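Notes for the one structure printed next.
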């Protein structure tokens, strides 16, 4: 995950989730919904770091499944145009 973060964000540190949109990033709240020929909406890829998720689950006393779902939804938020303030 650290290698991906360095390569794509130029941040030399690990992270818990990365999102890679299929199209160029757009302004928050301005996500274009294009009709695809096969009726499948493709937003991009989400990569969740299992070691980071496991550490987060232990630290917050949560189930690993719940943490992975939270991180995947966080990645989906980014693909939908929502970003950190």
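The values are calculated or read from the model by the stated rules, or taken from the named source; none is laboratory data. As the structure is a computational prediction, the values presented were derived from the model and not from experiment. Don't worry about glycine lacking a Cβ; one is built from the backbone with ideal geometry, like all the others, and counts go over all protein chains shown.
Condition first: touching a residue at least 24 places away in the same chain (Cβ under 8 Å) and either surrounded by fewer than 10 Cβ atoms within 10 Å (Cβ to Cβ) or touching a strand residue (DSSP E or B) at 6+ places or on another chain (Cβ under 9 Å) (or both). Now tell me which residues in region 1-14 satisfy that.
First pass over region 1-14, keeping only residues touching a residue at least 24 places away in the same chain (Cβ under 8 Å): 1, 4, 14.
Result: 1, 4.
Here's a check for you: in region 17-26, which residue that is touching a strand residue (DSSP E or B) at 6+ places or on another chain (Cβ under 7 Å) and either surrounded by 13 or more Cβ atoms within 10 Å (Cβ to Cβ) or closer than 13 Å to residue 83 by Cβ (or both) is modelled with the lowest pLDDT?
Residues of region 17-26 that are touching a strand residue (DSSP E or B) at 6+ places or on another chain (Cβ under 7 Å), as a first pass: 17-22.
Now narrow it down to the ones that are either surrounded by 13 or more Cβ atoms within 10 Å (Cβ to Cβ) or closer than 13 Å to residue 83 by Cβ (or both): 17-21.
Working: 17: 98, 18: 97, 19: 95, 20: 93, 21: 90.
Applying the filter and picking the extreme gives 21.
Being modelled with pLDDT of 95 or more and under 14 Å from residue 77 (Cα atoms) is the requirement here; does residue 46 meet it? Spell out how you get there, then give the answer.
On the way: modelled with pLDDT of 95 or more: yes; under 14 Å from residue 77 (Cα atoms): yes.
Yes; evaluated as a whole, the condition is true for this residue.
If you scan region 58-80, which residues turn out to be under 16 Å from residue 20 (Cβ atoms), in contact (Cβ under 8 Å) with a residue 12 or more places away in the chain and either assigned to a helix (DSSP H, G or I) or more than 11 Å from the chain's Cα centre (by Cα) (or both)?
Scanning region 58-80 gives 71, 72, 74, 75, 76, 78, 79.
State all residues of region 43-57 that are outside any strand (DSSP E or B) and in contact with a strand residue (DSSP E or B) (Cβ under 9 Å, 6 or more places away or on another chain); if no residue qualifies, say none.
43, 49, 52, 53 - these are the residues of region 43-57 that are outside any strand (DSSP E or B) and in contact with a strand residue (DSSP E or B) (Cβ under 9 Å, 6 or more places away or on another chain).
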